[in-house]
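Have a look at the structure below before the remarks.
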Amino acid sequence: MMRVIKCQLKLFLRFSKNRIYTYIGEVLIAVNPYRNLPIYEKDTVEKYKGREIYERPPHVFAIADSAYRAMKRYGRDSCIVISGESGAGKTETSKIIMRYLAAITNQQQQKELERLAPVRLFTDNEQAVGFKRMSARSYHHYGATVPSSGSFVSIIASFNGLMDGFVAILSGNERIYPNDMVKSVLLRSNCILESLGCAKTNRNDNSSRFGKYMHINFNFNGDPIGGNITNYLLEKSRVVRQQRGERNFHVFYHLLRGFDSNRLQQLRLKSDPKQYYYLNQGDSDKVSEFC
């Protein structure tokens, strides 16, 4: 019991100094600050790039870099498991890892580094990011890119392109994109996944109601050449029922508020979510930043 108390005290003292990361052996503990911290900037990326795990203070970049270098050095698959309570910041941590990998493997590194702005941490079910070394050709099949913005207007605008791409893949007429597009597609897929699988709960405005395993393939040069995402444990019941103070999945609100009046009229829809039983049960139709 005393060990638990001492551990909690240590975490509290570090958190009070904005040190949200702590090592216990090779396990990294992250405490969600629920505010922006300047610890994901370009300079921070450079500090952790190519360093051994204990050369720098605890950071998620160190874990990502260690897994990536181990994959390259030994030619074996690596996996990072991100687990925690609701609201612990697992979803954003997985995105931070992806952005870090995109930054250190991109030939045009500066553009990716500039996108590593401070990130606010939210939550989801258990996440995992797997790295796999491949000898496959340096291309990947994707029918369309998705927007870098998480805004609902961009999400709606991307749906038609994505559907065209999926149809092309099924018909055997898929388009092929080179390496520099793979990272962009993987990074930008997050807004689509969050729209379809995340919802407001009483504990978290952007709570993922599913788990996911992201599999990223790398060639022998260490550049990503493809990837896929496996989802599981989707909370399907949320579609028809929500608790007080909670919402349905974001995508329904994105659809209603992303279309203009003409498009809504064509589809016989109303922009007010309160007009729909499946969207008004929780009496909480608005969430800042997520429509």
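Could you derive backbone 3J(HN,Hα) for segment 183-199 from the dihedral phi with the Karplus parameters 6.51, -1.76 and 1.60 (θ = phi - 60°), listing whole Hz in sequence and x where the residue is Gly or Pro?
5, 4, 5, 4, 5, 7, 5, 4, 5, 5, 4, 5, 5, 7, x, 10, 7
Pairs to check: LYS72/LYS95; LYS10/LYS49; LYS49/LYS95; LYS6/LYS47; LYS6/LYS212. Give those whose C-alpha atoms are more than 24 Å from each other in this structure.
LYS10/LYS49; LYS6/LYS47; LYS6/LYS212
Sorted by packing (mean other beta-carbon atoms within 10 Å per residue), highest first, where do 273-281, 208-216 land?
Those peptides, ordered most packed to least, come out 208-216, 273-281.
Starting with the highest mean, order 252-259, 53-60 by the number of other Cβ atoms within 10 Å, averaged over the residues of each peptide.
Those peptides, ordered most packed to least, come out 252-259, 53-60.
If R₀ is 30 angstrom, what is the calculated FRET efficiency for the pair ASN231 and ILE5, using the beta carbon separation as r and rounding to 0.05?
Efficiency, rounded to the nearest 0.05: 0.20.
Suppose R0 equals 45 Å. What FRET efficiency, 1/(1 + (r/R0)^6) with r the Cβ-Cβ distance, do VAL239 and ARG35 give to the nearest 0.05?
With R0 = 45 Å, the Cβ-Cβ based efficiency is 0.90.
Rg (Å, one decimal) plus Dmax (Å, integer) for the alpha carbons of segment 34-76?
11.6, 38
Throughout, read-outs are computed from the coordinates displayed, never taken from laboratory work. Keep in mind that what you see is a predicted model, and the values were worked out from it rather than measured. Cβ sites come from the backbone with ideal geometry, for glycine too, and all protein chains shown count toward neighbours.
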